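Report on one structure; see the data block that follows.
The values are calculated or read from the model by the stated rules, or taken from the named source; none is laboratory data. Just so it is clear, the model here is predicted, and its values are computed rather than measured. Please note: Cβ atoms are built from the backbone with ideal geometry, for glycine as well, and neighbour counts cover all protein chains shown.
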Amino acid sequence: MGNSTIYALSSGQGKCGVAVVRISGGEALEALRKMTNLTKPEPRKAFLRKIFDPQTGEIIDRGLCLWFPGPNSFTGEDSVEFQVHGGPAILESLMSALAKLEFRAAESGEFTRRAFFNDKLDLTEVEGLADLIDAETEQQRKLALLQADGSLSKLYKKWRESLAQSVANLEAYIDFSEDDNIESDVLNRCNETLRDLSLNIKTHLSDGRKGEILRNGIRTVIIGEPNVGKSSLLNYLVQRNAAIVTPIAGTTRDIVELNTNISGYPILLADTAGLAKATTDVVEQEGIRRAKIYANNADFVILMADATVYLNSRKPYEEYVRDYIENLELKDLLLKKGVLAENCVVVMNKADLLNDQTKERLRADRITVISCAKEEGFQEFLETMTHNFQKICGNPSRENPTISQNRHRIHLIKCVEHLENYFELSSTAEYDMVLAVQEIRNSMRELGKITGHVSAEQILDIIFKTFCIGK
Ligand SMILES: Nc1nc2c(c(=O)[nH]1)N(C=O)[C@@H](CNc1ccc(C(=O)N[C@@H](CCC(=O)O)C(=O)O)cc1)CN2
Ligand SMILES: Nc1nc2c(ncn2[C@@H]2O[C@H](COP(=O)(O)OP(=O)(O)OP(=O)(O)O)[C@@H](O)[C@H]2O)c(=O)[nH]1
């Protein structure tokens, strides 16, 4: 196929027990013969062999060798794997031996690029693979694995095929409608299919961006009055002293943003300036302005209050929370998020200053009380948050995969728009059917851009560049 044979270290850099070097391309088997004397190895089986330099005959290492004849390989091409001891000198020597065979070092993502061009993977599967390697939490891993295994690919393929069928039917209608052979209700049935499809895509789109949020991390912000313990909570959740904690109100000014993992969900956690109503300090005022902007764009809000202040107020809980929100001028913001709904949680800190009886009473009333100082109440608090995160990110499955990238969303929206155009054109009395069918083709093109069946070299470059060398 004219592709050069490429090689790369596919396991990570650095000393390790075993390193995997992959070779892909027409001359892979030849390399295996020259470097191990294996001539016709059984495919996909590991052979323990001495691996030597093809020119000097010097032994490089003793390792496992595998032969994957194309097209039944990851790349779809003939491929070989050397699994050797993971030391730098071994790898150096192995790489230089492969260079002597006039093979080329693979660029980042090049194996996967070849898999894509050999129809082993479509673009959503490639992206799933990239996400799988990047996944830092359990839930991200699950989402990526579904996508890498073709859940989105299957769905979009089904839709594309349905559109292709409609185009074929309508073209037959255009060509033959004057004959009586074609049933007059072809058009109606076709439109019905397209309406169903359009509805399905719209439902798929109105997913609350669950997959995208999970893929990118749930942007979570801690807000509340000064000194309630926001920085202490951030430090607890990231398990280190990242934010400064002092008894002085107004300590945090800038937004402190950190990544953490809560029950397998990726969290981008932000500590913000305490929302002091009456401050005249310009730095603090700016901090408060930033806190509100940040909270406005967050996926999840942790509204924190001081349990002792609440109890001293002698107000019923709901009233206290309502006044607290109003006082901090957070009403509009939190109404949008839905107070106490899945996008917001209220937590009362400093439980260690309450007596046991009071604590029990609050817990019985389902009020979340914690103590950052004594690290109390976190099990319940984390459970509550996990429950919310589940709702925010959904539970993607093979049957019901979610959109994981804005790139997909953009094309899906355009896909629906073209279908709408089609419906509009085809509903007029004297319409140009040829033009209308073109709209269905356009909507197919948009699906094709997601899966890579219509490929723009620029998109491919961006996607494959995100891979590491050897993938
Ligand atoms: N040693 C090693 N481990 C690895 C990989 C690898 O390339 N090498 N992988 C690399 O990503 C992943 C496994 N993914 C793979 C995907 C497809 C094929 C493959 O040979 N596919 C053929 C045959 C399928 C079959 O017979 O079941 C094909 O699709 O035609 C191999 C590995 C993770 N672990
Ligand atoms: N007793 C008690 N004190 C706490 C607890 N959590 C935090 N504190 C104390 O409360 C004070 C303020 O804590 P921070 O974490 O800095 O509070 P903050 O809300 O980030 O404060 P600002 O930066 O002013 O908005 C510090 O003296 C903490 O030691 C707690 O659970 N119990």
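Filtering region 430-471 down to residues that are hydroxyl-bearing (Ser, Thr, Tyr) and in a loop (DSSP other than H, G, I, E, B), which residue is farthest from residue 417 (Cα to Cα)?
Step one: of region 430-471, the residues hydroxyl-bearing (Ser, Thr, Tyr) are 431, 443, 451, 455, 466.
So of that shortlist, the ones also in a loop (DSSP other than H, G, I, E, B) come out as 431, 455, 466.
Working: 431: 18, 455: 20, 466: 30 Å.
Result: 466.
For residue 405, work out the one condition from (1) within 16 Å of ligand 2 (Cβ to nearest atom); (2) more than 19 Å from residue 264 (Cα to Cα); (3) modelled with pLDDT of 90 or more it doesn't fulfil.
The one condition residue 405 does not meet is (1).
Among the residues of region 53-65, which ones are part of a strand (DSSP E or B) and in contact with a helix residue (DSSP H, G or I) (Cβ under 6 Å, 6 or more places away or on another chain)?
Residues satisfying the conditions are 60, 61, 65.
Can you confirm whether region 71-85 contains a residue that is of a type in the set (Asp, Glu), farther than 14 Å from residue 20 by Cβ, away from ligand 2 (no atom under 16 Å from the Cβ) and touching a residue at least 12 places away in the same chain (Cβ under 8 Å)?
yes
Taking region 206-230 as the search range and keeping residues that are buried (at least 19 other Cβ atoms within 10 Å of the Cβ) and in a strand (DSSP E or B), which one is farthest from ligand 2 (Cβ to nearest atom)?
Once the filter is applied, the top-ranked residue is 218.
Given the condition more than 11 Å from ligand 1 (Cβ to nearest atom), among the polar types (S, T, N, Q) and surrounded by fewer than 19 Cβ atoms within 10 Å (Cβ to Cβ), answer yes or no: does some residue in region 61-79 qualify?
no
Hey, could you check region 231-282 for residues that are of a type in the set (Asp, Glu) and not in a loop (DSSP other than H, G, I, E, B) and say which is nearest to ligand 1 (Cβ to nearest atom)?
Ranking the qualifying residues of region 231-282, first place goes to 257.
Condition (residue is within 30 Å of residue 264 (Cβ to Cβ) and buried (at least 22 other Cβ atoms within 10 Å of the Cβ)) applied to region 89-105: is it met by at least one residue?
no
Please state which one of 309, 301, 346, 321 is within 36 Å of the chain's Cα centre (by Cα) and not in a strand (DSSP E or B).
Testing whether each residue is within 36 Å of the chain's Cα centre (by Cα) and not in a strand (DSSP E or B) leaves just 321.
Right, residue 260: over 36 Å from the mean Cα position of the chain (by Cα) and surrounded by fewer than 22 Cβ atoms within 10 Å (Cβ to Cβ) or not?
no
State the number of residues belonging to region 362-383 that are exposed (fewer than 14 other Cβ atoms within 10 Å of the Cβ) and assigned to a helix (DSSP H, G or I).
Within region 362-383, residues that are exposed (fewer than 14 other Cβ atoms within 10 Å of the Cβ) and assigned to a helix (DSSP H, G or I) number 3.
Select from region 119-147 the residues that are more than 24 Å from residue 412 (Cα to Cα), assigned to a helix (DSSP H, G or I) and of a type in the set (Val, Ile, Thr) and list them in ascending order.
Correct list: 133 only.
For the structure I just gave you, tell me whether residue 399 is without any contact (Cβ under 8 Å) to a residue 60 or more places away in the chain, under 30 Å from residue 116 (Cβ atoms), out of contact with any helix residue (DSSP H, G or I) (no Cβ under 6 Å at 6 or more places or on another chain) and not hydrophobic (A, V, I, L, M, F, W, C).
yes
The conditions are (1) within 13 Å of ligand 1 (Cβ to nearest atom); (2) at pLDDT below 95; (3) within 19 Å of residue 49 (Cβ to Cβ), and residue 82 fails exactly one of them. Which is it?
Among (1) within 13 Å of ligand 1 (Cβ to nearest atom); (2) at pLDDT below 95; (3) within 19 Å of residue 49 (Cβ to Cβ), residue 82 violates only (2).
Would you please name the residue that is surrounded by the most Cβ atoms within 10 Å (Cβ to Cβ), looking only at residues in region 9-49 that are within 21 Å of residue 89 (Cβ to Cβ) and touching a Ser or Thr at 6+ places or on another chain (Cβ under 8 Å)?
Per the stated criteria, the residue is 23.
Anything in region 66-118 that is under 19 Å from residue 46 (Cα atoms) and in a strand (DSSP E or B)? List them, or say none.
Within region 66-118, 66, 67, 68, 79, 80, 81, 82, 83, 84, 85, 86 qualify.
Exactly one condition in (1) outside the structural domain of residue 159 (by TED's automatic domain parsing); (2) buried (at least 19 other Cβ atoms within 10 Å of the Cβ) is not met by residue 468; state its number.
Here residue 468 clears every test but (2).
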